[in-house]
1. If you take the residues in the stretch 204-236 that are in contact with a strand residue (DSSP E or B) (Cβ under 8 Å, 6 or more places away or on another chain) and assigned to a helix (DSSP H, G or I), which one is farthest from residue 184 (Cα to Cα)?
2. Might you check whether a residue that is touching a residue at least 12 places away in the same chain (Cβ under 8 Å), over 26 Å from residue 99 (Cα atoms) and outside any helix (DSSP H, G or I) occurs anywhere in the stretch 63-79?
3. Looking at (1) surrounded by fewer than 19 Cβ atoms within 10 Å (Cβ to Cβ); (2) closer than 22 Å to residue 281 by Cβ; (3) out of contact with any helix residue (DSSP H, G or I) (no Cβ under 6 Å at 6 or more places or on another chain), which is the only condition residue 238 fails?
4. Residue by residue through the stretch 137-150, note down the ones that are at pLDDT 80 or above and surrounded by 11 or more Cβ atoms within 10 Å (Cβ to Cβ).
5. What do you reckon, is residue 3 assigned to a helix (DSSP H, G or I) and crowded, with 18+ Cβ neighbours inside 10 Å?
6. Before we move on, is residue 208 exposed (fewer than 13 other Cβ atoms within 10 Å of the Cβ), without any contact (Cβ under 8 Å) to a residue 24 or more places away in the chain and out of contact with any helix residue (DSSP H, G or I) (no Cβ under 7 Å at 6 or more places or on another chain)?
């Protein structure tokens, strides 16, 4: 690449030498060497610098077609050209290396910060349900004879809630690992989104503390998409809304078909988020200041990753006077049930 670039540049200068002259040719060749120094290693750049100096001497400095330089001024100019080309190449490469080291250091610091964030989050989010499971199990084992039926039911409910929380956190970590590894491949199939949303809402943990509003659309077509990924998207959005809004908040889910796309919206009338937090909401492990305990900050980043894996987009907007709305748009084929049965 270095030799080719210098030769082509010299050939163009040779064609235009009647216009630009041999002194301006030196600047053009020096520019070519500078560009090489931005992308190549030291060896090729020094080769290009040396070759450009020799070509300029042989083909452009009088007398032509010889390495002899007739004038003292031209000889000094040739020497300065070679020195400038060499110094320029060395400095450019050193600047690139310094930038690379600074970038590596910054990435290392970010990785350490992310690692500390993960440890800090998991140390609480995994320890809490595990402690609840251990405590409830010990109580049921040691006090089995004195436990009332109500106490036994409460302990079983504690075990169930802790197990679900632990399963959700581990599942989110596994999902994020699949997204980061690039191994996630959507498998499209015909899906009844009305039924999918109803199934998610029926199994939600906080359904008894919030008002869930969803009116199935009987005219909604079937969508050909990955129902498993979409179910995770719906669950994470509704769970996020029920976790980070006060009890009694209304969470509304609606879905429609828009120009062949499946458009899903999840809205709430909670306190909302600041513009700064909304800009960072889909980042991994980001949790808004003052957020209630629970979660590792992966829910919305998984929503974004799963949606983009299906070729879709997700957006968040503030509602007036308060609240948030998430809009997920996934491209998909559509058909109605009767037509699908006919096919």
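The values are calculated or read from the model by the stated rules, or taken from the named source; none is laboratory data. Keep in mind the model is a prediction, meaning the values are calculated, not measured. Methodologically, a virtual Cβ is constructed for each residue, glycine included, from the backbone with ideal geometry; neighbour enumeration extends over all protein chains shown.
1. Within the stretch 204-236, the first condition is being in contact with a strand residue (DSSP E or B) (Cβ under 8 Å, 6 or more places away or on another chain), and the residues that meet it are 204, 210-215, 217, 220-227, 230, 233-234.
Now narrow it down to the ones that are assigned to a helix (DSSP H, G or I): 227, 230, 233-234.
Details: 227: 14, 230: 13, 233: 14, 234: 18 Å.
In this case the residue turns out to be 234.
2. First, the residues of the stretch 63-79 that are touching a residue at least 12 places away in the same chain (Cβ under 8 Å): 67, 69, 74, 77-78.
Those left that are additionally over 26 Å from residue 99 (Cα atoms): 67, 69, 74, 77-78.
Next, from what is left, pick out any that are outside any helix (DSSP H, G or I): 67, 69.
There is at least one residue in the stretch 63-79 that is touching a residue at least 12 places away in the same chain (Cβ under 8 Å), over 26 Å from residue 99 (Cα atoms) and outside any helix (DSSP H, G or I).
3. Failed condition: (1).
4. Our first condition is that a residue be at pLDDT 80 or above; within the stretch 137-150, this holds for 137, 150.
Matches in the stretch 137-150: 137 only.
5. Numbers: assigned to a helix (DSSP H, G or I): yes; crowded, with 18+ Cβ neighbours inside 10 Å: no.
When the stated conditions are applied, residue 3 does not pass them.
6. Numbers: exposed (fewer than 13 other Cβ atoms within 10 Å of the Cβ): yes; without any contact (Cβ under 8 Å) to a residue 24 or more places away in the chain: yes; out of contact with any helix residue (DSSP H, G or I) (no Cβ under 7 Å at 6 or more places or on another chain): yes.
Criteria met by residue 208.
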